[in-house]
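*Asks:* Have a look at this one.
The values are calculated or read from the model by the stated rules, or taken from the named source; none is laboratory data. On a predicted model such as this, the values are computed, not experimentally measured, just so you know. Methodologically, a virtual Cβ is constructed for each residue, glycine included, from the backbone with ideal geometry; neighbour enumeration extends over all protein chains shown. The accessibility values were calculated without ligands, DNA or RNA, using every heavy atom of the protein model including side chains. Shrake-Rupley method; radii C 1.70, N 1.55, O 1.52, S 1.80 Å.
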Amino acid sequence: MLISRQERARICSDTELGAGNILARLAEYDRPHDEVVLRMDGNWQAPDGSHPTHLTLGELREVVETYAGWYATQGVRPRDPVALHSYSSAEFAVNFLALTSLGAIPSFVNGNLPPGIAREYVRRQGAVGAFTDREHREVLATEASDLGFCATAADIRPEHRASLPASHPYRHDPTDPVLISHSSGTTGMPKGVPHTHRTLMYAQLHRLRYSTGTDMERTLVGLPGAHNAMVATLLYCLLLRTDIKLLSSQRGTEVLDAIEEFRPTTVLAFAGTFGEMAAEDLSNRDLSSVQVWFNTGDAAHESHIRALVEHGSHQTIGKDLRRVRLDGSVFVDGLGSSEAGYSVFHNRHTKDTSAYSRCVGRPISFAEAAVLAEDGTPLPPGEIGRLGLKSPTLTPGYWNDSLTWNRMRLGGYWLTGDLAHQDEDGNFYHLDRAPDAIRTSAGVVFSTRTEELLLRELPELADCTVVGVADDGIRADWDGDGVANAYALLQLADEEDGGEEAGADGELTVRVNTALQAAGFPPVTRALRMKPDDVAKGATGKVLKRVMRDRFAASSAKEQR
């Protein structure tokens, strides 16, 4: 049962509410303590030793106060960063609520980060201690560590609830940091991205004011637990009284399994997860409950969107102004980032949608976007440049790294790192990440735009990755002035298709370049088959094109020798 109109108005007028005190404010709204507010996948251990699959509001508050009491015994104080390194989404959720209730700052560390990078990242945060799952305890619990403690859920016991400080819960200022999440790390060391009591809640209150949220009545969250998008979704669903379930896995097959078991009306995930789902045989899956797929982070590919919206149903307003249900779900394609705090672009797709070609739509009403020239001047429609954002949800800067933050600002905008252009109607089109664009002798190959076209035009493809390889010492991305060779690395839907037949790669190259030529895009040097296991992915599931470039260059050099 979602909130009433009266409760919605009460929440939206609550001047005390922010991302750091949501449980305390829910108590003021007279929510039933026996109402289930959070469902999990059972991989988190509660203080009583059980592995619950759901928590009521009363149980969640008791668990959070128990965790907060334990942290207080460790000397954790307001504004202390505490690292959280785990695979479990429930672990991140509980610790976020507990630490912010003390005024401390949870610093999320994705469980998929390589150990060395995770240790260095935590060191740079200045964390006073760490909380991990058993799999990650040894990553941070080293003799050289400066952490005051490194604990797991097994260290938390019910009696710790009695150790809550008298000042609990902490009273936040809107500018107080309440979370440090990190960027995807596709270009190297992840950047620490803090959000405040106000920035992390801003978009959630906007949604409550202007959307009924009825399609989120049962919400399945397949986002990484260590990402601020998970926390933002949790905040919104707690306010809306949504039946929410957090998944710890972002694998497409496991999300599909959860859909069939949980029967959600809305599914949230990153584009990589949706791509894996679309590559499965969905005719054997029951996706009839789904009304909305919500993508955030990188924009999704057209072929993946079209595969998903064939399933489920959605409501719309008919010509007689009555609600009617139509076959086929809605895919909300969001473009956002850790820094933006919310997907500031939303493009809505159904089975009848035609606005693709990497169109991400217009920015949400509270945000401003522009395509910028190198001097920060907004470019006219049709011109390609750097995508810049202004938004009240934007992070105040990188944690302990103001130099990098200021280098990513231009003309008063924050640079997303993306290349884009705008049409005459104000719609934005995402072309590529600036480091992934490839300058070739035939022109600039925008890797993401090229991948989008190939997935649409070549039905035999399950996925593809376009990378550039330049000679040593030559930089041939958007910021470089050299040239490289562009290669299309293709995953075939049927791995036997083409097999090891002589000339198979040559035939693929012809097919690829024929499709590119018809669209007016520069050709690639060569198209090669690639197995799914050969794709390098980062902690959040994004393809690491930097790693793919290095691997391919090394392989090519070895072949030439």
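*Asks:* In segment 1-25, how many are open to solvent by 40 Å² or more (accessible area, probe 1.4 Å), of a type outside the set (G, A, S), outside any helix (DSSP H, G or I) and within 21 Å of R171 (Cβ to Cβ)?
*Replies:* Summing the residues that are open to solvent by 40 Å² or more (accessible area, probe 1.4 Å), of a type outside the set (G, A, S), outside any helix (DSSP H, G or I) and within 21 Å of R171 (Cβ to Cβ) in segment 1-25 gives 2.
*Asks:* Go through segment 158-175 and give me each residue that's assigned to a loop (DSSP other than H, G, I, E, B), open to solvent by 90 Å² or more (accessible area, probe 1.4 Å) and charged (D, E, K, R).
*Replies:* Hit for segment 158-175 is R171, nothing else.
*Asks:* Restricting to segment 225-247, count the residues that are touching a Gly at 6+ places or on another chain (Cβ under 8 Å), in a helix (DSSP H, G or I), of a type in the set (A, V, I, L, M, F, W, C) and under 15 Å from P106 (Cα atoms).
*Replies:* Summing the residues that are touching a Gly at 6+ places or on another chain (Cβ under 8 Å), in a helix (DSSP H, G or I), of a type in the set (A, V, I, L, M, F, W, C) and under 15 Å from P106 (Cα atoms) in segment 225-247 gives 2.
*Asks:* Let me ask another. Can you find even one residue in segment 56-79 that is buried (at least 24 other Cβ atoms within 10 Å of the Cβ) and closer than 18 Å to D243 by Cα?
*Replies:* Within segment 56-79, none of the residues are buried (at least 24 other Cβ atoms within 10 Å of the Cβ) and closer than 18 Å to D243 by Cα.
*Asks:* Any residue in segment 26-46 that is closer than 30 Å to I259 by Cα and assigned to a helix (DSSP H, G or I)? Spell out the reasoning first.
*Replies:* The initial filter retains those residues of segment 26-46 that are closer than 30 Å to I259 by Cα, namely 26, 31-46.
Applying the additional criterion that residues be assigned to a helix (DSSP H, G or I) yields 26.
Looking for residues that are closer than 30 Å to I259 by Cα and assigned to a helix (DSSP H, G or I), one finds at least one in segment 26-46, hence yes.
*Asks:* With segment 48-141 as the region, which strands (runs of 3 or more DSSP E) entirely inside it contain at least 1 residues that are among the acidic types (D, E), touching a residue at least 40 places away in the same chain (Cβ under 8 Å) and touching a Ser or Thr at 6+ places or on another chain (Cβ under 9 Å)? Step through it out loud before you land on a result.
*Replies:* Working: elements: 54-56, 81-86, 105-110, 129-132.
Filter on segment 48-141 gives an empty set.
*Asks:* For segment 354-380, give me the residue count where each residue is open to solvent by 50 Å² or more (accessible area, probe 1.4 Å) and among the basic types (K, R). Give the derivation first.
*Replies:* First, pick out the residues of segment 354-380 that are open to solvent by 50 Å² or more (accessible area, probe 1.4 Å): 354, 357, 362, 365, 368, 374-375, 377-378, 380.
Those left that are additionally among the basic types (K, R): 362.
Qualifying residue count, segment 354-380: 1.
*Asks:* Is it true that some residue in segment 548-555 is within 23 Å of A299 (Cα to Cα) and at pLDDT below 90?
*Replies:* Yes; the residues of segment 548-555 include at least one that is within 23 Å of A299 (Cα to Cα) and at pLDDT below 90.
*Asks:* Grab the strands (runs of 3 or more DSSP E) fully contained in segment 248-335, keeping just those with 1 or more residues being touching a helix residue (DSSP H, G or I) at 6+ places or on another chain (Cβ under 8 Å) and either closer than 23 Å to D418 by Cβ or of a type in the set (S, T, Y) (or both).
*Replies:* Details: elements: 266-270, 292-296, 313-317, 323-327, 330-335.
It comes to 266-270, 292-296, 330-335.
*Asks:* Scan segment 447-498 for residues that are assigned to a helix (DSSP H, G or I) and over 19 Å from H301 (Cβ atoms) and jot them down.
*Replies:* Going residue by residue through segment 447-498, those that are assigned to a helix (DSSP H, G or I) are 447-457.
Correct list: empty.
*Asks:* So in segment 381-390, with the set limited to residues that are under 17 Å from F446 (Cβ atoms) and not in a strand (DSSP E or B), which one is most open to solvent (accessible area, probe 1.4 Å)? Talk me through it step by step, then tell me what you get.
*Replies:* Step one: of segment 381-390, the residues under 17 Å from F446 (Cβ atoms) are 382-387.
From the residues that got through so far, the ones that are not in a strand (DSSP E or B) too are 382-384.
Values: G382: 54, E383: 93, I384: 60 Å².
Out of the qualifying residues, it is E383.
*Asks:* If D418 satisfies all but one of (1) closer than 20 Å to F274 by Cβ; (2) out of contact with any His (no Cβ under 9 Å at 6 or more places or on another chain), what's the number of the condition it fails?
*Replies:* Exception for D418: condition (2).
*Asks:* What single numbered condition from (1) at pLDDT 60 or above; (2) within 26 Å of the chain's Cα centre (by Cα) fails to hold for V524?
*Replies:* So V524 meets the others, but not (2).
*Asks:* Only residues that are in contact with a Pro (Cβ under 6 Å, 6 or more places away or on another chain) and either open to solvent by 20 Å² or more (accessible area, probe 1.4 Å) or without any contact (Cβ under 8 Å) to a residue 40 or more places away in the chain (or both): list them for segment 203-239, please.
*Replies:* Residue satisfying the conditions is R218 alone.
*Asks:* Here's another thing I want to ask about it. Can you find, within segment 391-438, the residue that is least open to solvent (accessible area, probe 1.4 Å) among those that are in contact with a Pro (Cβ under 8 Å, 6 or more places away or on another chain) and in a strand (DSSP E or B)?
*Replies:* Only one residue fits best here, namely F428.
*Asks:* State all residues of segment 240-267 that are open to solvent by 10 Å² or more (accessible area, probe 1.4 Å) and closer than 18 Å to G328 by Cα; if no residue qualifies, say none.
*Replies:* Listed by number, the residues that qualify are E260, R263, T265.
*Asks:* Kindly list the number of the only condition in (1) touching a helix residue (DSSP H, G or I) at 6+ places or on another chain (Cβ under 7 Å); (2) free of Cβ contacts under 8 Å to residues at least 40 places away in the same chain; (3) under 17 Å from G341 (Cβ atoms); (4) crowded, with 20+ Cβ neighbours inside 10 Å that fails for L200.
*Replies:* If we test L200 against (1) touching a helix residue (DSSP H, G or I) at 6+ places or on another chain (Cβ under 7 Å); (2) free of Cβ contacts under 8 Å to residues at least 40 places away in the same chain; (3) under 17 Å from G341 (Cβ atoms); (4) crowded, with 20+ Cβ neighbours inside 10 Å, just (2) comes out false.
*Asks:* Now for a different question. Of the residues G126, G111, G148, which is modelled with pLDDT of 90 or more, open to solvent by 30 Å² or more (accessible area, probe 1.4 Å), among the small types (G, A, S) and at negative phi? Walk me through how you get there before you give the answer.
*Replies:* Working: G126 fails: at negative phi; G111 fails: open to solvent by 30 Å² or more (accessible area, probe 1.4 Å).
On inspection, the qualifying residue turns out to be G148.
*Asks:* Tell me, which residue of segment 336-367 that is out of contact with any Phe, Trp or Tyr (no Cβ under 7 Å at 6 or more places or on another chain) and outside any loop (DSSP other than H, G, I, E, B) is nearest to W399 (Cα to Cα)?
*Replies:* Applying the filter and picking the extreme gives H346.
*Asks:* Any idea which of T266, T242, T296, T253 is without any contact (Cβ under 8 Å) to a residue 60 or more places away in the chain and either touching a Leu at 6+ places or on another chain (Cβ under 8 Å) or of a type in the set (A, V, I, L, M, F, W, C) (or both)? Quick ask: steps written out before the conclusion?
*Replies:* Numbers: T242 fails: without any contact (Cβ under 8 Å) to a residue 60 or more places away in the chain; T296 fails: without any contact (Cβ under 8 Å) to a residue 60 or more places away in the chain; T253 fails: either touching a Leu at 6+ places or on another chain (Cβ under 8 Å) or of a type in the set (A, V, I, L, M, F, W, C) (or both).
Sole residue among the options that is without any contact (Cβ under 8 Å) to a residue 60 or more places away in the chain and either touching a Leu at 6+ places or on another chain (Cβ under 8 Å) or of a type in the set (A, V, I, L, M, F, W, C) (or both): T266.
*Asks:* Okay, next question. Which of the residues spanning segment 439-460 are open to solvent by 40 Å² or more (accessible area, probe 1.4 Å) and more than 23 Å from E507 (Cβ to Cβ)?
*Replies:* R439, S441, R449
*Asks:* With the structure loaded, tell me whether D463 is open to solvent by 30 Å² or more (accessible area, probe 1.4 Å), acidic (D, E) and modelled with pLDDT under 90 or whether it fails that test.
*Replies:* Values: open to solvent by 30 Å² or more (accessible area, probe 1.4 Å): yes; acidic (D, E): yes; modelled with pLDDT under 90: yes.
Yes, satisfied.
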